[in-house]
Amino acid sequence: MTTAAAEPDPAEKPRRARGEQTRQLILETALRLFRERGYTETTMRAIAKEAGVAVGNAYYYFDSKEHLIQGFYDRNQVAHRAAAEPVLSTEKELAPRLRGVLHAGIDVNEPYHSFAATFFKTAAEPTSPLSPFSKESSPAREAAIAIFREVVDGSNAKLDPELRKELPELLWLAWMGVTLFWVYDNSPGQRRTRRLIDGAVPLIDRLVSLSRLRVLRPALRQVLALIETVRRDD
């Protein structure tokens, strides 16, 4: 005898939509308060009050402020990819693709520069779930690396196969360095960070091009082997 499949609850879809709206409201409110008051000074109770929801409801969607930041990380990657779309869809050379993606990342992060330094003190703690290298941050980290994988795979650069495999993660690590520089860059519009990007990208492009030279392949293999050793080290 065949058991009939359960009929979908017609109220389920609207309920999920309302839940996602509430989740986004809480996240948007939190980010605004982080900008206005700072990360440390903003409490979950203050976020809930400002969003017009019960404290328990805020905790239902986000277990803590750290989980709110994870939500920010996830949304930030979506925004970064959207901002990078114009250059990724038109440029084929590696350098312009990389430069455009790095500048797009700065554009997306710009509204949060005012509280970035305070927030980074927490994220820089190796055991913090806010660390970009933490297990909790792995979905956002993988999404970020995927953007740089698109930079590489969509380019016409002729790369050593082993370097092609590792380059997206290496570019993401370079992006982490740029982000750290940006956090503490107090120049107007963070123009020093823009100059850093514009100066570093040609160097990266040149190094990638040189990696194809036969004479440099042994050194390249050693570098890639070292990266793999560090990655696998417990």
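Tabulated results
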quantity: Eligible lysines near LYS49 by straight Cα distance, threshold 30 Å, same-chain separation 8 or greater; calculated: LYS13, LYS65, LYS121
quantity: Shape category assigned to the range 112-215 from the gyration tensor of Cα positions, a/c cut at 1.5; calculated: oblate
quantity: Label-point separation, THR40 to TYR184 (7 Å along Cα→Cβ), nm; calculated: 1.7
quantity: Per-residue ³J(HN,Hα) for the range 103-111, Karplus 6.51 cos²θ - 1.76 cosθ + 1.60, θ = phi - 60°, Hz, x for Gly and Pro; calculated: 5, 4, x, 5, 4, 5, 7, 3, x
quantity: Residues of the range 141-166 with amide N under 18 Å of a point placed 7 Å along Cα→Cβ from LYS92; calculated: 150-159
quantity: In sequence order, calculated HN-Hα J values of the range 193-200 (Karplus, 6.51, -1.76, 1.60; Hz; x Gly/Pro); calculated: 5, 4, 5, 4, 4, 5, x, 7
quantity: Computed log₁₀ I(q)/I(0) - Debye formula, equal Cα scatterers, no solvent, the range 85-166, q 0.12, 0.24 Å⁻¹; calculated: -0.47, -1.12
quantity: Too-long pairs where the Cα-Cα distance tops 29 Å, listed order kept, from LYS135/LYS158; LYS135/LYS165; LYS92/LYS165; calculated: LYS135/LYS158
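Coordinate-derived values only; no laboratory data. Note that the structure is a prediction, hence the values are computed from the model and not measured. Every residue, glycine as well, gets a Cβ built from its backbone with ideal geometry; the counts of neighbours run over all protein chains shown.
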